[in-house]
Each structure stands twice: as structure tokens, then as C-alpha cells.
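A quick write-up on the structure given underneath.
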Amino acid sequence: MELAKKHLHIFSTVGFHPHDAVDFDAEVVKKLAREKKVLAIGEIGLDFFRNLSPFTVQREVFNNQAHLAVEYDLPIIVHDRDAHQECYNILKKNEVKEAVFHCFTGDIIFAQQVLDEGWMISFTANITYANSKLDNVIRLVPLDRFMVETDCPYLPPYLHRGKRNSPLFLPLVVEKIAEVKEISPNEVAELSFANAYRFFRVPPDPVKTSHKKAGHKKA
């Protein structure tokens, strides 16, 4: 949040990760959600793989934060690990209209459920793994409903397993999607950029906007 306040082109999201669900403070989320540089609530959700917070607490906290996201009209970044249907049910219960499933790991049936609700799917370098079984999901997702991400420092691409992940490896994710969808890497990158801007409602660049206005006025 401090970086977002200091730098024009940095924005923030707020929320309590399921690992930290026991520390949830609704007032903290409410306060930060009002900040102009906050574009989403997340990542929030359920993690039934590592179980660093009790299941019941995770469910309650995710439900509360989903409710707050709707109240504050902010999209949600969903953390879903071994909890596909429960994440889906909580989002549906709260009538969430805008959500992106970060680091998607579900099958094609669950992907279709997500898409049917108008939600988005975000891919990380796990799609480069031989056992990922995500090619069919990549084919299924429309060009206006996906994003790419790193999940840095976790999940490095196949060629860099064992290393710390980095945004520098993101082109490998882009290339994999391009290969499966049979389009160019440039098109994948441009689509992901546009989809993210639309989903997060990134405001126009005030510097570029002011330059355009100045140029128009001068003309």
C-alpha cells in the first residue's frame, strides 16, 4: 500500500489470505478498501492443501471478505487450492459478479463453471509442467477471459524448476498459451494486458491523459 501511494503506476489489492484467516480483521479490510489505489479484494479464498488456518475459519473469513468486496464494488482475486467447489459456492452465495481464479488448477468442467458465471481465469507457469493437464482449459477459455501471472516467488516454469520464480519468466507462460491457442505470443500478451486493465478497472494514466488534452488544446 505504501508503494502504491508513492508511485503513480503501482496499485494495490487488500485482503486476508486463507493462510492468515485466523488474523482476519474486517475493519482493516474496510479501511484499506476505501483507498483510491486499491483495485481489488484479494487474494482471498480457501486453501485445503496446506491447512494453515482451520477449515471453518477459512470459510467464514472468505465469506465475509466476499461480502465486503460486493459491498465496496471491488473485484476478487481468488486463492483456490483443493477447494474448487467450496470457493465457487461462497462466491455464488454472495452474488459475486467479478472474480478471477488466480493460478487456476481446476479441470475443464470446473473451468466451464467459472466461465459460466462470468468470472475469469489466470494462468501461471504450472501450465508448462508435463503433468499439468491444463491444455484443454487453455483452449476452453475465451480470449477476453484470461490473464497471465507469475505467482512469484513460487511455481517457476518447467525449465527453471528448483529456482526462485521471477517476472522475467513470464514470457514462458505467454508462449505456452500461444502454442495451445495457436496465436502469437504478442497477441496473448496484449490480450492479457487488456483483460487485466478491464477487470481491475485501472484508471487512465493521468500523465498521458494530460498530455493528450494539452496536445488537443494546442491544435
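Summary of values
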quantity: Tyr154 paired with Gln85, simple spin-label distance in nm, labels 7 Å along Cα-to-beta-carbon; calculated: 2.3
quantity: Filter on Lys6/Lys30; Lys37/Lys176; Lys133/Lys181; Lys37/Lys163 - keep pairs with C-alpha separation over 23 Å; calculated: Lys37/Lys176; Lys37/Lys163
quantity: Among Lys36, Lys176, Lys133, residue whose mean-square fluctuation peaks in a GNM of the chain (springs only between Cα atoms under 10 Å); calculated: Lys36
quantity: Residue-averaged [θ]222 nm for the chain, counting only DSSP H segments that reach four residues, each worth -39500 (n - 2.57); calculated: -13000 deg cm²/dmol
quantity: Scaled radius of gyration (Cα, divided by 2.2 N^0.38 Å) that region 2-218 gives; calculated: 1.06
quantity: Student exercise, region 2-218 dipole from Lys, Arg, Asp, Glu Cβ charges, in Debye to nearest 20; calculated: 1060
quantity: Residues with amide H under 5 Å from that of Gly45, placed H, sequence gap 5 or more; calculated: His79
quantity: Net lengthening on full extension, Leu143/Phe48 (0.36 nm per residue, minus Cα-Cα); calculated: 31.2 nm
quantity: Under 5 Å, built H, 5+ apart or other chain: amide partners of Val148; calculated: Phe123
quantity: Förster-model FRET efficiency, 25 Å R0, Lys133 and Glu190, C-beta, rounded to 0.05; calculated: 0.40
quantity: The chain - share of DSSP beta bridges that are antiparallel (%, nearest 5); calculated: 0
quantity: Full-stretch length increase - Asp73, Lys31 - with 0.36 nm per residue and alpha-carbon distance subtracted; calculated: 13.7 nm
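Any read-out appearing in this document is the output of simple, stated calculations on the displayed coordinates, not a laboratory observation. This one's a predicted model, so the numbers in the text were calculated from it and none came from an experiment. No Cβ is skipped: glycine too gets one built from the backbone with ideal geometry, and neighbour counts run over all protein chains shown.
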